[in-house]
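J.: Below you will find the structure I want to go over with you.
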């Protein structure tokens, strides 16, 4: 039996990073990620962190340092949030296109403006097409397990891409839960040392990395990058199986289904709101409504076949987004799911919900209203064009 | 080994086929520096002239015999810091070196470089300062001298215009970070440059920074055959003094006791040709003030010692 501890999401992320033994860590504090940096520097002070740890002057430099370190063959880790991610966009995009298997937790926080420090995955979702693998998790155990797994996925020779493990700011980062810890020996067996073969800055094997490159080679690089994204779905499932053999816990790969076997209606979720939705699925089931849930874990690569297969079982669905897609005026995940269904020839009544922005609470009442709206629109056989906003009445809010 | 022997016997680490302009003294500087640094070197060439002429390479071919890469314009110092950390983690050593233009150093790259200086990451950072973004047709940088014509500080037909501000005294800014080694250098003083690179290689903790002043024949309007002469005149007029500083202890390495008038330097450069006597005199005055400040720093350093 593994050790059981009580910890918040940030401590779970820092603990996973410590267990993975990255050779280089560079980080800059930003709310709500700050405690991750504090925990790691504390581990370093106590001598329990087996890494070169540097506290940098910006997120731009954090990702730049890790890019250099990864090009020199080191396993690398960092974490950030929101504006920090925006500041590192330049080296962020480049880390994926240079095929650097860096692991970064994103502690999801709303993008400003308005000025806000609270939760919401707008930060990382806006960057979904920057070439990274992005996995979104639901609770602190999943943060720990997935962050450890992320190194295996990133460094797999079939993948060689950087990985984000994203978790909701405050709801998970500062919430305390029970977490089972694998031993160092278990993690060492699960994660062999990283050996860079595709590119390496080493005077014993001089090579130029990223010289000026013609368009036809740029196209070759992009095509191979996409093939690596596609391969990552299989690797994700494989890594989950190995991890299950080690710990007994499975996170089911790219999506997780809850009570979908005989469901008539489905809700699609991402991140910590999944917990409230599971509870409401049970409540609606108790009231005779055959509701099920599809949780998207892996947003990039997008598991379009799995999502289409899961939703092909129901009469219609809704998606709860804690983010917006300006211009589409729906949630981002809603658009992604609809695109997956179109490709599979499956046209179902659907509805886009937007709520929980800027850390606003998605209460059970609001989730219940959303489920009722799904049932109403699906029973009417209609897709609702405009996004439905989930919020509690407040004085002065229009 | 004498400097002549060093340069004659050491291997040229840069491809013979790179396409720098006629009279380019940056290419000369790079080849010289790389002979001193030798094969156990990892080289970062951010976007700029030396990237443009092919030192990092083209498609799948390298322009250098050592490991070389393009950092971004603004993260050269931090990418190198990461390489150093990785090498430390693996218990290995190599020269971890930037060869970066002034745009990648004094403008967009300054934050990353200042961060590396403060944290004491052990890298060698060499800036080739040609006072602007030369490989894209000479746009102004914050290193460009006052009065200079550039493509973004143009001059009217009546001769009005040019850059309105003085350039940063960047090596002095770096010296004020209290780093183990800062030096200025010139392609007209190769033995001085070679010795300073050797000094930089001896630094075992922290940043070594060398700022080379490289007048640009193409961008500034200098006859290619006068490339080295104009570089030397920058030193002899005190426009660009050659010195070194260790943890704020300064020493002038090429003293200029009797400076030539600044006009001897500026009159050979087309980018200053629209300036009147007073404006040229102002350039000389600023150079003199900076030189006096430097002499004061040297005097205080020797008094402390």
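J.: Kindly indicate whether residue B:226 is part of a helix (DSSP H, G or I) and in contact (Cβ under 8 Å) with a residue 12 or more places away in the chain. Even if it seems obvious, please write down each step before you answer.
T.: On the way: part of a helix (DSSP H, G or I): yes; in contact (Cβ under 8 Å) with a residue 12 or more places away in the chain: yes.
Judged against the criteria, residue B:226 is a match.
J.: Another question, if that's okay. If you scan the stretch B:58-76, which residues turn out to be in contact with a strand residue (DSSP E or B) (Cβ under 6 Å, 6 or more places away or on another chain) and buried (at least 22 other Cβ atoms within 10 Å of the Cβ)?
T.: Taking the stretch B:58-76 as the starting set, the residues that turn out to be in contact with a strand residue (DSSP E or B) (Cβ under 6 Å, 6 or more places away or on another chain) are B:58, B:62, B:64, B:66-69, B:71, B:76.
Within the stretch B:58-76, B:64, B:66, B:67, B:68, B:69, B:71, B:76 qualify.
J.: Ok, one more. Select, from B:94, B:89, B:81, the only residue that is under 16 Å from residue A:202 (Cα atoms), within 7 Å of chain A (Cβ to nearest Cβ) and free of Cβ contacts under 8 Å to residues at least 12 places away in the same chain. Break it down stepwise before answering.
T.: Numbers: B:94 fails: free of Cβ contacts under 8 Å to residues at least 12 places away in the same chain; B:81 fails: free of Cβ contacts under 8 Å to residues at least 12 places away in the same chain.
Sole residue among the options that is under 16 Å from residue A:202 (Cα atoms), within 7 Å of chain A (Cβ to nearest Cβ) and free of Cβ contacts under 8 Å to residues at least 12 places away in the same chain: B:89.
J.: Could you identify the single residue in B:26, B:55 that is at pLDDT 95 or above, more than 7 Å from chain A (Cβ to nearest Cβ), closer than 19 Å to residue A:210 by Cα and surrounded by 21 or more Cβ atoms within 10 Å (Cβ to Cβ)? Steps first, answer last, please.
T.: Working: B:26 fails: closer than 19 Å to residue A:210 by Cα.
None of the others qualify; the one that does is B:55.
J.: If a residue must be under 20 Å from the mean Cα position of the chain (by Cα), farther than 18 Å from residue A:342 by Cα and assigned to a loop (DSSP other than H, G, I, E, B), how many such residues does the stretch A:286-323 contain?
T.: 3
J.: Now a separate question. Within the stretch A:183-192, is there a residue that is farther than 26 Å from residue B:66 by Cα, in the same structural domain as residue A:155 (by TED's automatic domain parsing) and in contact with a strand residue (DSSP E or B) (Cβ under 9 Å, 6 or more places away or on another chain)?
T.: Pass one, the stretch A:183-192, residues farther than 26 Å from residue B:66 by Cα: A:183-192.
After this cut, where a residue has to be in the same structural domain as residue A:155 (by TED's automatic domain parsing) as well, the list is A:183-192.
The next check asks that each one be in contact with a strand residue (DSSP E or B) (Cβ under 9 Å, 6 or more places away or on another chain); those that pass are A:183.
Yes, because at least one residue in the stretch A:183-192 is farther than 26 Å from residue B:66 by Cα, in the same structural domain as residue A:155 (by TED's automatic domain parsing) and in contact with a strand residue (DSSP E or B) (Cβ under 9 Å, 6 or more places away or on another chain).
J.: I've got another one for you. For the stretch A:260-281, does any single residue satisfy the condition of being touching a helix residue (DSSP H, G or I) at 6+ places or on another chain (Cβ under 7 Å), in a helix (DSSP H, G or I), surrounded by 13 or more Cβ atoms within 10 Å (Cβ to Cβ) and not assigned by TED's automatic domain parsing to the domain that holds residue A:303?
T.: So far as the stretch A:260-281 goes, no, none of its residues is touching a helix residue (DSSP H, G or I) at 6+ places or on another chain (Cβ under 7 Å), in a helix (DSSP H, G or I), surrounded by 13 or more Cβ atoms within 10 Å (Cβ to Cβ) and not assigned by TED's automatic domain parsing to the domain that holds residue A:303.
J.: Would it be correct to say that residue B:149 is in contact with a strand residue (DSSP E or B) (Cβ under 7 Å, 6 or more places away or on another chain) and in contact (Cβ under 8 Å) with a residue 60 or more places away in the chain?
T.: On the way: in contact with a strand residue (DSSP E or B) (Cβ under 7 Å, 6 or more places away or on another chain): yes; in contact (Cβ under 8 Å) with a residue 60 or more places away in the chain: yes.
For residue B:149, the condition - in contact with a strand residue (DSSP E or B) (Cβ under 7 Å, 6 or more places away or on another chain) and in contact (Cβ under 8 Å) with a residue 60 or more places away in the chain - is met.
J.: Could you please find all residues in the stretch B:32-48 being out of contact with any helix residue (DSSP H, G or I) (no Cβ under 6 Å at 6 or more places or on another chain), under 29 Å from residue A:217 (Cα atoms) and either more than 7 Å from chain A (Cβ to nearest Cβ) or in contact (Cβ under 8 Å) with a residue 60 or more places away in the chain (or both)?
T.: Those that are out of contact with any helix residue (DSSP H, G or I) (no Cβ under 6 Å at 6 or more places or on another chain), under 29 Å from residue A:217 (Cα atoms) and either more than 7 Å from chain A (Cβ to nearest Cβ) or in contact (Cβ under 8 Å) with a residue 60 or more places away in the chain (or both): B:43, B:47.
J.: Taking the condition farther than 22 Å from residue B:75 by Cβ and touching a residue at least 12 places away in the same chain (Cβ under 8 Å), does residue A:45 pass? Please lay out each step first, then the result.
T.: Values: farther than 22 Å from residue B:75 by Cβ: yes; touching a residue at least 12 places away in the same chain (Cβ under 8 Å): no.
No, not satisfied.
J.: Considering only residues that are within 12 Å of the chain's Cα centre (by Cα), farther than 22 Å from residue B:284 by Cα and not in a helix (DSSP H, G or I), which ones fall in the stretch B:184-223?
T.: Matches in the stretch B:184-223: B:209, B:210.
J.: Here's something else I'd like to know. Name the single residue that is surrounded by the fewest Cβ atoms within 10 Å (Cβ to Cβ) among those in the stretch B:197-221 being touching a helix residue (DSSP H, G or I) at 6+ places or on another chain (Cβ under 9 Å) and farther than 18 Å from residue B:126 by Cβ.
T.: B:221
Residue-wise test of (1) in contact with a strand residue (DSSP E or B) (Cβ under 7 Å, 6 or more places away or on another chain); (2) free of Cβ contacts under 8 Å to residues at least 40 places away in the same chain; (3) surrounded by fewer than 20 Cβ atoms within 10 Å (Cβ to Cβ); (4) over 24 Å from residue A:173 (Cα atoms).
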{"position": "A:288", "(1), (2), (3), (4)": "no, yes, yes, yes"}
{"position": "A:297", "(1), (2), (3), (4)": "yes, no, no, no"}
{"position": "A:326", "(1), (2), (3), (4)": "no, yes, yes, yes"}
{"position": "A:335", "(1), (2), (3), (4)": "yes, yes, yes, yes"}
{"position": "A:339", "(1), (2), (3), (4)": "no, yes, yes, yes"}
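J.: Further question: Residue by residue through the stretch B:64-73, note down the ones that are within 19 Å of residue B:130 (Cβ to Cβ) and at the interface with chain A (Cβ under 7 Å from one of its Cβ atoms).
T.: Restricting attention to the stretch B:64-73, the residues satisfying the condition of being within 19 Å of residue B:130 (Cβ to Cβ) are B:70-71, B:73.
Within the stretch B:64-73, just B:70 meets the criteria.
J.: Is one or more of the residues making up the stretch A:226-237 within 14 Å of chain B (Cβ to nearest Cβ) and closer than 30 Å to residue B:67 by Cα?
T.: No, the stretch A:226-237 has no match at all.
J.: Of everything in the stretch A:184-206 that's without any contact (Cβ under 8 Å) to a residue 12 or more places away in the chain and farther than 22 Å from residue A:158 by Cα, which residue is farthest from the other protein chains (Cβ to nearest Cβ)? Lay out the reasoning, then the answer.
T.: Residues of the stretch A:184-206 without any contact (Cβ under 8 Å) to a residue 12 or more places away in the chain: A:185, A:192, A:203-206.
Checking the rest, the ones that are also farther than 22 Å from residue A:158 by Cα come to A:185, A:203-206.
Details: A:185: 21, A:203: 5, A:204: 9, A:205: 8, A:206: 5 Å.
Out of the qualifying residues, it is A:185.
J.: Let me ask another. Please go through the stretch A:49-61 and pick out each residue that is in a helix (DSSP H, G or I) and within 8 Å of chain B (Cβ to nearest Cβ). It would help to see each step written out before you state the result.
T.: Residues of the stretch A:49-61 that are in a helix (DSSP H, G or I), as a first pass: A:59-61.
Correct list: A:60, A:61.
J.: Here's another thing I want to ask about it. State which residue is nearest to the other protein chains (Cβ to nearest Cβ) when the search covers only the stretch A:31-48 and only residues that are part of a loop (DSSP other than H, G, I, E, B) and crowded, with 22+ Cβ neighbours inside 10 Å. Give the derivation first.
T.: Filtering the stretch A:31-48 down to residues part of a loop (DSSP other than H, G, I, E, B) leaves A:31-33, A:47-48.
From what is left, the residues that are crowded, with 22+ Cβ neighbours inside 10 Å are A:32-33.
On the way: A:32: 24, A:33: 19 Å.
Among those that are part of a loop (DSSP other than H, G, I, E, B) and crowded, with 22+ Cβ neighbours inside 10 Å, it is A:33.
J.: I've got another one for you. When you go through (1) within 14 Å of chain B (Cβ to nearest Cβ); (2) buried (at least 23 other Cβ atoms within 10 Å of the Cβ) one by one for residue A:220, which number turns out not to apply?
T.: If we test residue A:220 against (1) within 14 Å of chain B (Cβ to nearest Cβ); (2) buried (at least 23 other Cβ atoms within 10 Å of the Cβ), just (2) comes out false.
This table checks each residue for (1) buried (at least 24 other Cβ atoms within 10 Å of the Cβ); (2) within 14 Å of another protein chain (Cβ to nearest Cβ).
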{"site": "A:75", "(1), (2)": "yes, yes"}
{"site": "A:81", "(1), (2)": "yes, no"}
{"site": "A:87", "(1), (2)": "no, yes"}
{"site": "A:108", "(1), (2)": "yes, no"}
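The values are calculated or read from the model by the stated rules, or taken from the named source; none is laboratory data. Because the structure is predicted, anything quoted here is derived from the model rather than measured. Because the Cβ atoms are built from the backbone with ideal geometry, glycine has one as well, and the counts that use them run over all protein chains shown.
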